[in-house]
Structures are given as C-alpha cells and as structure tokens.
Amino acid sequence: MLLMVSFLYLRNAVNLLILSVAQCRILLPIPTVLIFFKLVKRLSIWFLIFCSGLALLASILYFSRYALLEALLIHQLQAKNVPLQSFTIRNISLNQVLIRDLSLGTHEELRIDQIDINWSLIDLLKGKLDVVSLKGITIWLDFSGQQPVLGSLHPL
C-alpha cells in the first residue's frame, strides 16, 4: 500500500511538472534557440551590409586616388603659400607614387621633371619612405638682393 501511495504521489508530481513545462511553453511561444538564430541572422545581414559598404568605399577611394592625391598636394602647397603652376600624377600604387612635370612658383622658380617615391607598407606605417628620387631639377635663384633668394618659393 505504501508503494502504491508513493507511486501515485510520484505520478502526480510528474503530471505537475509536465503541466508547468507546458505552461512555460505557452508563455514562451518561440523557443530560445529560434531567438538566437534570428539574432544571428540579423547580425549576419548587418555584417553583409557593413562589408558591402566597406567594399564600396574602397572602390571609390581606389578609382578616385589620382584626384585625391592631386587635391591633397594642392591643399598642402596652398597652406604654405607656395604657388603651383602644374604637375601630372602618372602612377599611384600600393608602394609607389610617380609625379611628373612639377612646376612651382610664380615664375616657375622650381621645376622637377620626375618625382618617384617608393615605400613598403610596414615602413610607411612607421612614417618612413624607402626611396625618394628626383630627376631633372631646375631651381631659379635671385642673388640680386631685391627679393628673397627663392623668390615666391620663400615660404618653403
């Protein structure tokens, strides 16, 4: 008899446990695993959007690199009040910039036929350049004493 009472008591306890689990399922209609997968899906969509935006930005920077370098050079020379006559950017790569026919000054006091700047990416991050090569340099100097020796390039 005692065994039967304990069995009935155990059966009622199991029924209560099943009932309480069923009530929890009613309170939580979406299992936790599905919530996690929805979160992962949402994060993966945002990650794809981020990667797409990063790829778009990189392609814009790559295709406008000549215009960006030209604007940067003009801005730096204007900040130092140095008149720029002309220059041509021939090549920009991950480790080289080639500038040709650079003319500075109001009367072209400085002319450089070719500037070749080479670097390695690791040294560039440290702030160092490997090689800066200048070819065909012509400098006009005024030793009359009426104006600065470098003329309009005096701010340099």
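Some notes on this structure:
- Residue within the stretch 56-77 that is under 20 Å from residue 151 (Cα atoms) and either surrounded by fewer than 12 Cβ atoms within 10 Å (Cβ to Cβ) or of a type in the set (D, E, K, R) (or both) present: yes
- Scoring residue 101 on the criteria (1) at pLDDT below 90; (2) within 19 Å of residue 73 (Cα to Cα); (3) of a type in the set (Asp, Glu) leaves a single failure, condition (1).
- For residue 84, the stated conditions hold: it is surrounded by 14 or more Cβ atoms within 10 Å (Cβ to Cβ), out of contact with any Asp or Glu (no Cβ under 7 Å at 6 or more places or on another chain) and within 24 Å of residue 64 (Cα to Cα).
- Any chance residue 68 is touching a helix residue (DSSP H, G or I) at 6+ places or on another chain (Cβ under 8 Å) and modelled with pLDDT under 90: no
- Meets criteria (in contact (Cβ under 8 Å) with a residue 40 or more places away in the chain and surrounded by 12 or more Cβ atoms within 10 Å (Cβ to Cβ)) for residue 110: yes
- Residue match in the stretch 134-153 (condition: touching a Phe, Trp or Tyr at 6+ places or on another chain (Cβ under 9 Å), part of a strand (DSSP E or B) and either surrounded by 11 or more Cβ atoms within 10 Å (Cβ to Cβ) or acidic (Asp, Glu) (or both)): no
The values are calculated or read from the model by the stated rules, or taken from the named source; none is laboratory data. Every value quoted in this text rests on a predicted model; they were computed, and no experiment measured them. All Cβ positions, glycine included, derive from the backbone under ideal geometry; neighbour counts span all protein chains shown.
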